[in-house]
Amino acid sequence: MPEWTPRLEANVLLDFEGELRDLAAYEAYGGYAQLKRALDGMDADTLIAELGGSALRGRGGAGFPTGRKASFLAPGSERYLVVNADESEPGSCKDRELILRTPHALLEGILIVMNVLKLTRAYIYIRGEYLTEAEVMEAAIAQARAVGYVGAAGPDGYVPEITVHRGAGAYICGEETALLASLNGFRGQPSAKPPFPAVSGAFERPTLLNNVETIATIPAILRRGPEDYKALGTEQSGGTHLMSISGHILRPGNYEVAMSRTMGYLIEELAGGVPEGRALKAVIPGGASAPILGPEALDILCAPEALAAAGSMAGSAGVMVIDDATCIVQLALRTAAFYTHESCGKCTPCREGTRWITDTLQRIEDGIAAAAEIELVLEICDNVEGKCLCPLGDACAMPVRSMIKRFREEFDAHVELGYCPLHETSSLSSLYPQPRSLLPMATVSPS
């Protein structure tokens, strides 16, 4: 395995061919060198300063500065690290690839944080469907344990321990307070903040909670140096981001992209653009919960602040490409139906609001809605967003509102015509029966 050499461009996390599941192969690549550096006297202030200097922002959706988040961790005799591997946002599968291809990068990042901050134990909370990924992670931990990286006392007597905890496949457990409730043995439902996890998280003790990609990036930052890593991105968002691209795209998959690159570089140069001669109609840049953008997305930087300025968000970097044959009403309906299904039901605006949004969108798609029902959907979105215990309600309301506002003419056409104008061409039509107004008269019920 060749030694790592600095580059001025991505890749940082995936700067190798094939897989680095084996500990020996990872060490030959230069792995665990930064853990050894951390064990050689690195203190918490130094680690936090290097993370701050790199401008690394959380890769799980919120995009909070990683160094600052670590600095908020309250003191205590028991403190925990929880790694969020409950990758449940539609369109995102980057953490899965990191675990499958280079699990020891995640382990090294975990062990650096644990040893420097002297945390009691680390938990990798992984979604239940990721059985293979959990097994790969367990095997990597066993290898690290065999050589003393895990479970063995260091010079100061500190013993790092890591546990893989499998969830049960609930989208809501990607939200930090619901994840912690599940880890603590309760129903996976969100709770109001404060207290924040940094004060009371796992087992009601101070807890640092980060995404898989965020933690796996730490060894690369220490290896390159924070300034070099930051230079790959922007002033506010340093480095690279693993981006999952799917939908109407020639080469779907995961790509590591510098934050200073445009969405057009990812969509057209790396992923090959929209296939079969179709035109680009829209882009969802951050997973299903992100507001939709039009073709202007090609000129926007991948950095979170640039996407926020354009009216959307980087989210979990699940980029969905939509061609001009797709019905946006069907897309809005499919999005709302997902969040309705995944709502935990704890708070009324989310439980009732997402259902009303879905049912009303279904009436619009079926061609039986009145014109006022389009405005009704927007009103319900306003009554949901910002009024729930967690962002799930917002995750339904924000994209649906953006689809109506950007593609209002399609919603109006459904009402005026009494059917979906794109029903025969839209790739989502198979999910929804033929509208009532297009059925032969003999099959239409008098009701």
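The values are calculated or read from the model by the stated rules, or taken from the named source; none is laboratory data. Quantities reported herein were computed from a predicted structural model and do not represent experimental measurements. Using ideal geometry, Cβ is built from the backbone for each residue, glycine included, and neighbour counts are taken over all protein chains shown. Remember, those area values only see protein heavy atoms, side chains included, never the ligands or the DNA or RNA. Shrake-Rupley method; radii C 1.70, N 1.55, O 1.52, S 1.80 Å.
Quick notes on this structure:
- Taken over region 82-194, the convex hull of the Cα atoms encloses 110 Å³ per residue.
- When each of the peptides 105-112, 76-83 is scored by how many other beta carbons lie within 10 Å of its residues on average, the order from highest to lowest is 105-112, 76-83.
- Area accessible to solvent at SER427, 1.4 Å probe radius, in Å²: 70
- Length gained when the stretch ALA146-ARG408 is fully extended (0.36 nm per residue, less Cα-Cα span): 88.3 nm
- Extension gain for the segment TYR158 to GLU235, taken as residue separation times 0.36 nm less the Cα-Cα distance, is 24.0 nm to one decimal.
- Mean separation of Cα contacts under 8 Å, 6 or more apart, over the residue count of the chain: relative contact order %: 15
- Ranked order, GLU204, GLU138, GLU213 - accessible area, probe 1.4 Å, largest first: GLU204, GLU138, GLU213
- Among GLY30, GLY345, GLY277, the largest mean-square fluctuation in a Gaussian network model of the chain, built with springs joining Cα atoms closer than 10 Å, belongs to GLY277.
- Working note: 222 nm ellipticity from helices only, DSSP H runs with n ≥ 4, each -39,500 (n - 2.57), summed and divided by the residues of the chain, gives -11500 deg cm²/dmol to the nearest 500.
- Fraction of alpha-carbon pairs over 39 Å apart in the chain - percent: 24
- Region 85-227 - percent relative contact order, Cα under 8 Å, separation 6 or more: 27
- Net dipole in debye of the chain [+1 Lys, Arg Cβ; -1 Asp, Glu Cβ; about Cα centre; nearest 20]: 900
- Region 255-327: C-alpha gyration tensor shape, a/c 1.5 cut-off, then a/b vs b/c: oblate
- Look at where the Cα atoms of region 15-78 and of region 234-263 average out, and the two centres are 21 Å apart.
- The translational diffusion coefficient of region 18-164, from Stokes-Einstein at 37 °C and 0.692 mPa s with a Kirkwood hydrodynamic radius over alpha carbon pairs, comes to 205 µm²/s.
- Here GLU27 and LEU250 are evaluated by their C-beta separation; at R0 = 51 Å the FRET efficiency comes out at 0.85.
- Dipole of the chain [Lys/Arg +1, Asp/Glu -1 at C-beta], most positive-end residue of ILE141, VAL415, TYR26: ILE141
- Expressed to the nearest 5 percent, the antiparallel share of DSSP beta bridges inside the chain is 40 percent.
- Here ALA279 and PHE203 are evaluated by their C-beta separation; at R0 = 51 Å the FRET efficiency comes out at 0.45.
- Applying the Kirkwood pairwise sum to the alpha-carbon positions of region 145-236 produces a hydrodynamic radius of 16.1 angstrom.
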